[in-house]
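Novice: First the structure, then my questions, so here it is.
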Amino acid sequence: MEQKEFSLQYNCYKDSSEMESSDAELLAKARQAVKTSYSPYSNFAVGAAVKLSNGEIVTGSNQENAAYPSGLCAERVAMFAAAAKFPNESMVSIAIAIESPHHDTEGPIAPCGACRQVMIEYEHLHHQHMNVIMDAENGNVVKVNKASDLLPFDFHADHLKK
Ligand code: THU
């Protein structure tokens, strides 16, 4: 038996002014995108902004539905819109922001498992790591260099090859 482990390195910033300007700009776009959230059921508004290899930024926000599972997270709205509009561009970074009256948890607004899975699909597809920039409590920001770090033992297309 051999015991192995995963480790995760990430950056914590006191606020976005400590970040590289391109990251701070992307986060600002995600924060703006929060305003377009349609989240009357959860009152948890999320915005996301994806930066592509051609420099384009595509934003999205969570879109809910009276039939709850029909809604979609902000991250996937943004990534799917980006992929539909620019199918050949890789996704370099995604920033995630929230606005919620009842957000008092510690740590970053980390994407849900389904969104991590979608991020990893695009990382594999384009052979490009996707930085994940997350708003955290008290204006803090957390950055992870690749989405796959957030989902160890991920399932991807290679597993389907015969
Ligand atoms: N949500 C996101 O948009 N992104 C996340 O990473 C977590 C959750 C949305 C889904 C739903 O509209 C609301 O937040 C509450 O779960």
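The values are calculated or read from the model by the stated rules, or taken from the named source; none is laboratory data. All figures in this text were calculated on a predicted structure; none of them were measured in a lab. Reconstructed Cβ throughout: ideal geometry from the backbone, glycine too, with neighbour counts over all protein chains shown. Remember, those area values only see protein heavy atoms, side chains included, never the ligands or the DNA or RNA. Shrake-Rupley method; radii C 1.70, N 1.55, O 1.52, S 1.80 Å.
Novice: How long are the three semi-axes of the equivalent ellipsoid for segment 120-159, computed from the Cα gyration tensor as the root of 5 times each eigenvalue, in whole Å, largest first?
Specialist: On the way: eigenvalues 121, 22, 7 Å².
In descending order the semi-axes read 25, 10, 6 Å.
Novice: Given a cut-off of 24 Å, name the pairs among LYS4/LYS51; LYS51/LYS146; LYS4/LYS146; LYS85/LYS161 whose C-alpha atoms lie farther apart than that in the structure shown.
Specialist: With Cα atoms farther than 24 Å apart: LYS4/LYS51; LYS85/LYS161.
Novice: Rounded to the nearest 10 Å², what accessible area does CYS115 have for a 1.4 Å probe in the complete protein model?
Specialist: The accessible area comes out at roughly 0 Å².
Novice: Further question on the same structure: Rounded to the nearest 10 Å², what accessible area does ASP15 have for a 1.4 Å probe in the complete protein model?
Specialist: 60 Å²
Novice: To the nearest 10 square angstrom, how much accessible area does PHE6 have with a 1.4 angstrom probe?
Specialist: Here the accessible area works out near 130 Å².
Novice: Using the crude model of +1 on Lys and Arg Cβ and -1 on Asp and Glu Cβ, and no other charge, please compute the dipole size for segment 10-152 relative to its Cα centre, in debye to 20. Each step should come with its number before you reach the end.
Specialist: Details: 10 positive and 17 negative charges, 65 e Å.
For this selection, approximately 320 debye.
Novice: Top to bottom by accessible area (1.4 Å), largest first, where do LEU8, LEU52 land? Kindly include the intermediate steps, with their values, before the conclusion.
Specialist: On the way: LEU8 80, LEU52 5 Å².
Order by accessible area, largest first: LEU8, LEU52.
Novice: How much of the accessible area of segment 75-162, probe 1.4 Å, is carbon plus sulfur, in whole percent? Can you show the working numbers first?
Specialist: Values: 2430 of 4620 Å².
That share works out to 52 percent.
Novice: So, one more: For the chain, just list the percent of Cα-Cα distances falling in each 5 Å bin from zero outward, please.
Specialist: Going from the shortest bin to the longest, the percentages are 2, 9, 18, 22, 20, 15, 8, 4, 2, 1, 0.
Novice: Let me ask something additional. Quote to one decimal, in nm, the extra length available between GLU137 and SER22 on full extension: 0.36 nm per residue of separation minus the C-alpha distance between them.
Specialist: On the way: separation 115, 0.36 × 115 = 41.40 nm, distance 2.12 nm.
Result: 39.3 nm gained on full extension.
Novice: Starting from the amide H of LYS146, placed 1.01 Å from N in the peptide plane, find each other amide H under 5 Å away whose residue is 5 or more places distant or on another chain.
Specialist: Amide H neighbours of LYS146, under 5 Å, 5+ apart: VAL132.
Novice: Excluding ligands, DNA and RNA, what is the solvent-accessible area per residue of the chain at a probe of 1.4 Å, expressed in Å²?
Specialist: Values: 9480 Å² over 162 residues.
Heavy-atom SASA per residue in the chain reads 59 Å².
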